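To start, the structure itself, in structure tokens.
Since every read-out is calculated from the coordinates, none of them should be taken as a lab result. Note that the structure is a prediction, hence the values are computed from the model and not measured. All Cβ positions, even for glycine, are placed from backbone atoms using ideal geometry, and neighbour counts span all protein chains on display.
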Amino acid sequence: MIRIIIADDHAIIRDGLKQIISFVPEMQVVGEAGDGDEVLQKVRTCQFEVLLLDMSMPGRSGIALIQQLHALQPALPILILSMHQESQYAVQAMRAGASGYISKNTASSQLIEGIRAVAKGETYVSPEISAKLIRQMHKREEALPHTQLTAREFQIFNMLVEGHAVNDIAKILSLSNKTISTHKAAILQKMDATTTTHLVHYALKHGLIDEA
């Protein structure tokens with residue numbers, strides 16, 4: 001039996017995932033979480049084999065949460081379920097300690113396939129993202145600026161383009177304003193940008209965020 005914890009801040013998505021998983025005899029949902037703190041609590045107290053984790057939730061989330069979970073249980077199979085289909089998100093998530101990455105647009109059969117794979121200790125990336133990664137690997141041109149960001153810088157870059165101010169990011173990540181400002185300066189330099197608006201335009205151009 002593969003016991004699963006589902007972590008997503010939307011109850012309707014958790015219900016849909018539970019419905020899909022309920023049709024698979026060897027799988028069972030044994031816990032749910034709606035934010036990062038709940039995820040940590042469930043991981044510490046539940047007996048399970050796979051954590052199905054949304055990339056974006058209130059409070060602790062994203063790369064920082066993956067890193068924290070990986071530090072807590074290095075062998076924990078984490079399958080990321082994300083709305084982001086840009087391959088760089090998958091790269092950063094896997095570097096942080098995730099075992100697999102699928103988009104929320106993926107077919108239910110691929111979700112089940114991914115759960116089975118990470119439960120066996122394998123890695124899994126949904127086919128559409130895998131294809132993007134392969135194309136990226138075969139590109140001969142200079143790598144795009146955002147691929148040069150560290151995991152922490154990429155996380156802060158995402159939060160900046162989503163509209164978070166430096167003070168807000170500092171509170172969410174439990175870091176000082178000075179530390180976030182230093183990261184922001186490094187991001188702007190690496191991205192050859194001078195303002196957050198430039199970062200937003202870049203993110204829209206390269207499909208890192210959706211247009212409103």
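Sequence-distant or interchain residues sharing an amide H contact under 5 Å with residue 2, placed H: which?
When sequence neighbours closer than 5 places are left aside, the close amide H contacts are 27, 28.
At 0.36 nm per residue, minus the direct Cα-Cα distance, what do residue 206 and residue 190 gain on full extension? Give it in nm, one decimal, please. Present the calculation step by step, with values, prior to reporting the outcome.
Details: separation 16, 0.36 × 16 = 5.76 nm, distance 1.58 nm.
The span from residue 206 to residue 190 would gain 4.2 nm if fully extended.
If contacts are Cα pairs under 8 angstrom and at least 6 residues apart, what is the relative contact order of the chain in percent? Before the final figure, lay out each step's value.
Details: 300 pairs, mean separation 31.5, N = 212.
In percent, rounded to a whole number, it is 15.
Residue by residue through the stretch 97-113, which ³J(HN,Hα) values in whole Hz follow from phi under the Karplus form 6.51 cos²θ - 1.76 cosθ + 1.60 (θ = phi - 60°), with glycine and proline marked x?
Each residue of the stretch 97-113 in turn: x, 6, 9, x, 8, 9, 8, 6, 8, 6, 6, 4, 5, 6, 4, 5, 4 Hz.
Could you go through the stretch 182-195 in sequence order and give the Karplus-derived ³J(HN,Hα) for each residue, using 6.51 cos²θ - 1.76 cosθ + 1.60 with θ = phi - 60°, rounded to whole Hz, and x for Gly and Pro?
Using θ = phi - 60°, the values come out as 5, 4, 4, 4, 5, 5, 4, 5, 5, 8, 6, 10, 10, 9 Hz.
By how many nm would the segment from residue 123 to residue 104 grow when fully extended, if each residue of separation counts as 0.36 nm and the alpha-carbon distance is taken off?
Working: separation 19, 0.36 × 19 = 6.84 nm, distance 1.76 nm.
Once the chain is fully extended between residue 123 and residue 104, it gains 5.1 nm.
So, R0 is 22 Å and r is the distance between the beta-carbons of residue 179 and residue 147; what FRET efficiency does that work out to, to 0.05? Walk me through the numbers before you get to the answer.
Working: r = 23 Å, r/R0 = 1.04.
After rounding, the FRET efficiency stands at 0.45.
Can you give the convex hull volume per residue for the Cα atoms of the chain, as a whole number of Å³? Could you put the intermediate results ahead of the total?
Details: hull volume 25.1 nm³, N = 212.
Here the figure is 118 Å³ per residue.
Against the longest principal axis of the chain, how steep is helix 11-22, in degrees 0 to 90 to the nearest 10, with axes from Cα atoms?
So the inclination is approximately 40 degrees.
For residue 124, enumerate residues with amide H under 5 Å from its amide H, sequence gap 5+ or separate chain, H modeled in the peptide plane.
Sorted by chain and number, the residues that satisfy this are 100, 101.
Going 7 Å from the Cα of residue 13 in the Cα-to-Cβ direction, what parts of the stretch 182-209 have a backbone nitrogen less than 20 Å from that spot?
Once the point is set 7 Å along Cα→Cβ of residue 13, 204, 207-209 turn out to lie under 20 Å by backbone N, inside the stretch 182-209.
Using a Cα distance threshold of under 19 Å, what count of lysine pairs results for the chain when pairs must be 8 or more residues apart or interchain?
On the way: 18/42; 18/104; 104/132; 132/205; 139/205; 171/184; 178/190; 190/205.
Lysine pairs meeting both conditions in the chain amount to 8.
In what sequence do 184, 18 fall when counting other Cβ within 10 Å, fewest first? Show your work: numbers first, answer last.
On the way: 184 19, 18 14.
The order, fewest Cβ neighbours first, is 18, 184.
Quick check: residue separation of residue 165 and residue 47 times 0.36 nm, minus the Cα distance between them. What number comes out in nm? Write down the numbers at each step before the final one.
On the way: separation 118, 0.36 × 118 = 42.48 nm, distance 3.81 nm.
Residue separation times 0.36 nm, minus the Cα-Cα distance, leaves 38.7 nm.
What does the helix-only formula give at 222 nm for the chain: each DSSP H stretch with n ≥ 4 adding -39500 (n - 2.57), the total divided by the residues, and the result rounded to the nearest 500 deg cm²/dmol?
Numbers: 10 runs with 110 residues, N = 212.
The per-residue figure over the chain is -15500 deg cm²/dmol.
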